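One structure is given below, encoded as structure tokens.
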Amino acid sequence: MVETGTTHITKDDLKKLFRRRFPQYIAATAACMGGFSLGCGVGWSAPCVEILKEKYNYSEFSTNIIAAVFPLGCALGMPVVPFLVDRIGRKWTMMSLVPVFILGWVFITAGVSKLALLIVGRLLTGACGGMFCVVAPMYCAEISEKQIRGTLGVFFQLLLVLGILYAFCCGYSRSVVITSSLCGNGPIIFACIMIFMPESPLYYMSKGNEEAARKSMRYFRGPDYNIDAEIAEFKEQVEKSRHQTVTISIFMKKPVLKTMGVAFGLMYAQQFSGINAIVFYCESIFKQTGVDMDPLLQMVIVAIVQVIACIASAILIDQLGRKMLMIISFGVMASCLVSLGFFFVLKKNNPGAAENLFWLPLASACIYILAFCLGAGPIPWAYMSEIFPTRLKGTASSCAAFFNWMLAFLVTVSFSSMINAIGIAAAFFLFAIICALSVTFVIFCMVETKGKTFTEILKEFGTHEIDD
């Protein structure tokens, strides 16, 4: 028996609750298979870039371009999202990406010896993956009960890191063609499952189709659940949103600027937390331990650590809340980055002492990745799907996601130059400062959304009643 406050919940009650919520878990998993496909695109670079250099004589510059155009593609796909999600819905926006996603993988597979085709393929897969970053968490947030909305929101990051792990494992084929073909299965699996899932009830309500909204809600809540309260809330939310025409002037209003500022701040904190530095130097960090290990196996271990952390985040997010996990995440990451910076300073000035601390870089890197995937990685995406008003959600979320992916692109293309300019130790210390400042930002600017309805969240941000 589980005791919650003054309420006693038996194991049978928990089983019944899980069975009733099972359709929500399945639909969220189906939608987040788009995240799996994105993860395949992100993870593809690690095994395939080296193969392109060895077997196809690609230069360092060419492979850097192939790697960097993926986040650029993610950013370029963002302007399309607002036009689709409010016209054809969340489900069919995602479904419409499948043919383009597959075409991108066809270009990559068929054009392995042609740089132009690889670039086009990476741009297409990046654009589709980036659009999933907005639409899938939005769909998950709108179909879920408030008690498990955070958990379902983390599903996207969980499936993303599973996609990265899958791509790394496919890399053991030592063939770009085989790896790309296997990665191209992601969109197909997504389409086969998602086709059977209902559209978001909030989208139906926004189109004035209450009957369809009730049918969708009934699918997700079960036949015996009273859906009237949630339908009434959606109806109120939609009525309020009818006064919110998407113009530049409405984005200049203080409550909207505040909401956008929080979303952009979290995206900035995520990209400048040092995650790219850790991934980029992962092989070097492993070598500091003195363990002779296959580089691809090293990356698989890192991906497994990410999966474990995302599972922990999914379990804890609706228990501890978004803010607490973010504070823990950035705080631990800052400590790990300081440790890594200290190690590289010691290695330069006192190599003997650094040898005695051979375990420090590996431990710091693994704990850092655990902390990132616990909060800083998944929560900004899940949080973004909760905080914007219905009418502004597509445009606002797309702007925040565009900002995120442009930062990812800039970090990818400029990171090597930064290391050459200031050194790896200074870079780690810089990222540690940003993580520490991010803790302050989260404490004072981030509104907790755990257990709150969409209406309650909008009221906290002051965007509940905004007319143009």
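The values are calculated or read from the model by the stated rules, or taken from the named source; none is laboratory data. Treat the numbers as computed from the prediction; the structure is a model and nothing was measured. Reconstructed Cβ throughout: ideal geometry from the backbone, glycine too, with neighbour counts over all protein chains shown. These accessible areas exclude ligands, DNA and RNA; they are computed on the full protein's heavy atoms, side chains included. Shrake-Rupley method; radii C 1.70, N 1.55, O 1.52, S 1.80 Å.
What about Ala27, is it out of contact with any Gly (no Cβ under 9 Å at 6 or more places or on another chain) and crowded, with 24+ Cβ neighbours inside 10 Å? Full working, then the answer.
Values: out of contact with any Gly (no Cβ under 9 Å at 6 or more places or on another chain): yes; crowded, with 24+ Cβ neighbours inside 10 Å: yes.
Judged against the criteria, Ala27 is a match.
Every residue, every condition in (1) open to solvent by 70 Å² or more (accessible area, probe 1.4 Å); (2) more than 17 Å from the chain's Cα centre (by Cα), yes or no:
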residue: Thr10; (1), (2): no, yes
residue: Leu14; (1), (2): yes, yes
residue: Arg20; (1), (2): no, yes
residue: Gly35; (1), (2): no, no
residue: Val42; (1), (2): no, no
residue: Pro47; (1), (2): no, yes
residue: Tyr56; (1), (2): yes, yes
residue: Trp92; (1), (2): yes, yes
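Taking Pro99, is it in a helix (DSSP H, G or I) and open to solvent by 10 Å² or more (accessible area, probe 1.4 Å)?
Details: in a helix (DSSP H, G or I): yes; open to solvent by 10 Å² or more (accessible area, probe 1.4 Å): yes.
The answer is yes for Pro99.
Ser416: surrounded by fewer than 19 Cβ atoms within 10 Å (Cβ to Cβ), closer than 26 Å to Leu160 by Cα and among the polar types (S, T, N, Q), yes or no?
Working: surrounded by fewer than 19 Cβ atoms within 10 Å (Cβ to Cβ): yes; closer than 26 Å to Leu160 by Cα: yes; among the polar types (S, T, N, Q): yes.
Criteria met by Ser416.
If I ask for residues that are within 24 Å of Ala68 (Cα to Cα), in a loop (DSSP other than H, G, I, E, B) and either open to solvent by 10 Å² or more (accessible area, probe 1.4 Å) or charged (D, E, K, R) (or both), which ones from the stretch 106-163 would you list? Lay out the reasoning, then the answer.
Pass one, the stretch 106-163, residues within 24 Å of Ala68 (Cα to Cα): 106-136, 156-163.
This time we only want the ones that are in a loop (DSSP other than H, G, I, E, B), so: 111-114.
Within the stretch 106-163, Val112, Ser113, Lys114 qualify.
With on the phi < 0 side of the Ramachandran plot and open to solvent by less than 50 Å² (accessible area, probe 1.4 Å) as the only criterion, which of Val345, Val305, Val338 stands out?
Values: Val345 fails: open to solvent by less than 50 Å² (accessible area, probe 1.4 Å); Val338 fails: open to solvent by less than 50 Å² (accessible area, probe 1.4 Å).
The conditions single out Val305.
Could you tell me which residue of the stretch 62-80 is nearest to Val134 (Cα to Cα), considering only residues that are open to solvent by 10 Å² or more (accessible area, probe 1.4 Å) and at pLDDT below 85?
First, pick out the residues of the stretch 62-80 that are open to solvent by 10 Å² or more (accessible area, probe 1.4 Å): 62, 64-65, 67, 69, 71-72, 76, 79-80.
Now restrict to residues that are at pLDDT below 85: 64, 67.
Details: Asn64: 26, Ala67: 22 Å.
Here the residue is Ala67.
Could you list all residues from the stretch 198-250 that are in a helix (DSSP H, G or I) and acidic (Asp, Glu)?
Let us first name the residues in the stretch 198-250 that are in a helix (DSSP H, G or I), namely 201-206, 210-221, 228-241, 248-250.
Matches in the stretch 198-250: Glu210, Glu211, Asp228, Glu230, Glu233, Glu236, Glu239.
Each row is one residue, and each column tells you yes or no for (1) closer than 30 Å to Leu103 by Cβ; (2) surrounded by 17 or more Cβ atoms within 10 Å (Cβ to Cβ).
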site: Ala191; (1), (2): yes, yes
site: Met205; (1), (2): no, yes
site: Asp228; (1), (2): no, no
site: Val238; (1), (2): no, yes
site: Ala277; (1), (2): no, yes
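Hey, Ile433 hits all of (1) touching a Pro at 6+ places or on another chain (Cβ under 6 Å); (2) open to solvent by 50 Å² or more (accessible area, probe 1.4 Å) but one; which does it fall short on?
(1)
Please verify whether Pro255 is in contact with a Gly (Cβ under 8 Å, 6 or more places away or on another chain) and either closer than 30 Å to Gly377 by Cβ or open to solvent by 30 Å² or more (accessible area, probe 1.4 Å) (or both), treating the condition exactly as stated. Can you show your working first?
Working: in contact with a Gly (Cβ under 8 Å, 6 or more places away or on another chain): yes; either closer than 30 Å to Gly377 by Cβ or open to solvent by 30 Å² or more (accessible area, probe 1.4 Å) (or both): yes.
Spelling it out, Pro255 is indeed in contact with a Gly (Cβ under 8 Å, 6 or more places away or on another chain) and either closer than 30 Å to Gly377 by Cβ or open to solvent by 30 Å² or more (accessible area, probe 1.4 Å) (or both).
Can you find, within the stretch 84-103, the residue that is nearest to Cys183 (Cα to Cα) among those that are out of contact with any Lys or Arg (no Cβ under 9 Å at 6 or more places or on another chain), touching a residue at least 12 places away in the same chain (Cβ under 8 Å) and not aliphatic (A, V, I, L, M)?
Phe101
Any chance the stretch 399-407 includes a residue that's open to solvent by less than 20 Å² (accessible area, probe 1.4 Å), over 19 Å from the mean Cα position of the chain (by Cα) and of a type in the set (S, T, N, Q)?
Among the residues of the stretch 399-407, not one is open to solvent by less than 20 Å² (accessible area, probe 1.4 Å), over 19 Å from the mean Cα position of the chain (by Cα) and of a type in the set (S, T, N, Q), which makes the answer no.
Among the residues in the stretch 367-388, are any without any contact (Cβ under 8 Å) to a residue 60 or more places away in the chain and open to solvent by 10 Å² or more (accessible area, probe 1.4 Å)?
Yes, the stretch 367-388 has at least one match.
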